[in-house]
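See structure below.
The values are calculated or read from the model by the stated rules, or taken from the named source; none is laboratory data. Please read all numbers here as calculations on a predicted model, not as lab measurements. FYI the Cβ positions are ideal-geometry reconstructions off the backbone, even for glycines, and counts take in every protein chain you see.
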Amino acid sequence: MQKAIQAASKRSRQERIEVEPSFVPKAQRRAVEWSGALHWAGLSLSLESAQLCASLGVREPVAAAFKVQPFGDDWETQLAWFKTLEDMAETPLCLRGGDHTAVEKWREARQVELFSRSFNSPDAHGYWTSQFQREPLGEVFAAAMVIVAEHGDTELLQKWMKKAIDCGRPDLLDGRLSSRYRDGMTPYMAALAHADLEAARLLAPFADPNARETGDDARTGLMLLCQWFPQRKTPLHDAELCAQFAIERMSDEALSARDSDGESAVWSAARAGMTAVVARLLERGVGVEGPSSHPGALFVAAQSSPGSVEEHEALSRFLAKHCDVNARLEDGLGACAAVLTRPAISEEEKARRFALLVELGVDPDARDSNGETALHELLSDRFLDFRASSAEEKALLAREVVARCDSSIRGNDGLLAFEKARPVKLGAMDRLMLWVGEKPENPAWEKEPAAAVAREMARGLARAGLVGEVEKMFASALARRAWKLSEALSEWAPKELSPAQLGAVKTAPSECRHLRSLGESQELRAIVREPSPQSNVAAPDMVSAAAPELKRSGGRKRRL
């Protein structure tokens, strides 16, 4: 390791490419063997090696070590590691590249990273807190203020704000000096992003309420709040109060600003399920238009909101009054299909959302760019192979969707939704059983929900004129002795069972009444058709002569 570090110190940064040697052509391997060791050094770098790196100005292993190593519980050892940053030598002038960063700036960036990770360690937190508030205050102090606001440490925030004001440096509070950290996020924006209303109120007098990130996204604090809210544990009411506070201080131009995806704060709030924020933004005159590729699809975008069924219903009913409920996303996805693609909610919740959308006038048969509908989405591999939900929930969703969709619509590939799922092809019955949550070899899969799903699929196929496909489903279930499924599909059983099928239905449990009646009826019909062994050759003529009487008797034969 030390030989690799010694070799690295004699080469420019461009030559110290972080490449694992095994990925390098053999002819070049010797030239970069040490660089591979350098790349992985941070995973197991000793303190002694880190100190050697610092004395030689080799930064990469030390930076990697600080990202992955906990340094142990010994505070003295941690201090020794921290000291390697202070001891890091400047890169010799002859080895500097065009993207060289002065060691002071590099050191400050590492210190800010360590400070952001120190909030769970009292000793480390106290150490870095004292380091950052040493006078003269500067850019690194401003960056640390952003981190304090992110963590919601109101007591430390107030203390540092007082120190900055007492030192005549209120400019450190508005974020103008922290542009190199967090894409130019200001302390006020950080407080908003974490829905910390108390911290936001403290910082508001010193902050630009219309400030935006300096990165490509160029988001405002309000956008950050709405976009980060689904990942936070902040209650919806508290997040909406914080958003309302931000809205009242922002200009109309800033409220209508768009991020790199072309979405405004209205879209961010709708995706987050923040109905009160959406309503207030519309009151302020912010339009519902979105990206140029799908400007009117705000209602569809809102279907990804993470709230409860009640919160989603309130948002959907509100947006239905202001948006086109049948608008589409760029790929043609409508609101009904969008609900089915939400992986974070249960199948039961999807079913309730789907029913609500149809009630609000959303077309469940809207076709996307592939000509497919919500029913195609329901029966896609993505849904069939999704195992997280229970059989009961999947059955409920299947019934809700199949009952409301047109099963005869074909996609651009000419396939129906049920054909797309191929539930009757080789091995597909196994997939159907996986769909309802059990393995094929497990008899417990024969639940009522499984039968309900299959029955709804069969009805959809029958409505589409594919009764033959349903007969294949029945034959497959009967061959596997899947009694409840066979009973559910027995309505579409063939008129004449094969000998193997007839033998199977005889062994069906007594509760499968319709299934057993199929075998009994076929046996009775066979008795009627067969001549008696004692009858003469004229017996067929006797049956033929009795045929008109049987026909006139109507239901007698059916009763048999």
Original post:
Does A488 qualify as being assigned to a helix (DSSP H, G or I), under 30 Å from E359 (Cα atoms) and modelled with pLDDT of 80 or more?
Top reply: yes
Original post:
Which of (1) in contact with a helix residue (DSSP H, G or I) (Cβ under 8 Å, 6 or more places away or on another chain); (2) at pLDDT 80 or above; (3) small (G, A, S); (4) surrounded by 13 or more Cβ atoms within 10 Å (Cβ to Cβ) does A462 not meet, given it meets every other one?
Top reply: (2)
Original post:
Which ranges mark the helices (runs of 4 or more DSSP H) fully within segment 111-229 that have 1 or more residues being closer than 27 Å to E86 by Cβ, without any contact (Cβ under 8 Å) to a residue 40 or more places away in the chain and among the β-branched types (V, I, T)?
Top reply: 122-132, 139-151
**OP:** Could you figure out which of (1) at pLDDT 75 or above; (2) exposed (fewer than 14 other Cβ atoms within 10 Å of the Cβ); (3) within 41 Å of the chain's Cα centre (by Cα) isn't true of L93?
**Re:** (3)
Original post:
For segment 235-257, does any single residue satisfy the condition of being surrounded by 14 or more Cβ atoms within 10 Å (Cβ to Cβ), in contact (Cβ under 8 Å) with a residue 60 or more places away in the chain, in a helix (DSSP H, G or I) and under 21 Å from the mean Cα position of the chain (by Cα)?
Top reply: yes
Original post:
Can you tell me which residue in segment 298-351 is nearest to V288 (Cα to Cα), limited to those that are surrounded by 20 or more Cβ atoms within 10 Å (Cβ to Cβ) and charged (D, E, K, R)?
Top reply: R328
Original post:
Assuming M473 fulfils every condition listed in (1) buried (at least 21 other Cβ atoms within 10 Å of the Cβ); (2) at pLDDT below 70 apart from one, which condition is it?
Top reply: (2)
**OP:** From (1) modelled with pLDDT under 90; (2) assigned to a loop (DSSP other than H, G, I, E, B); (3) surrounded by fewer than 18 Cβ atoms within 10 Å (Cβ to Cβ), pick out the condition that doesn't hold for E263.
**Re:** (3)
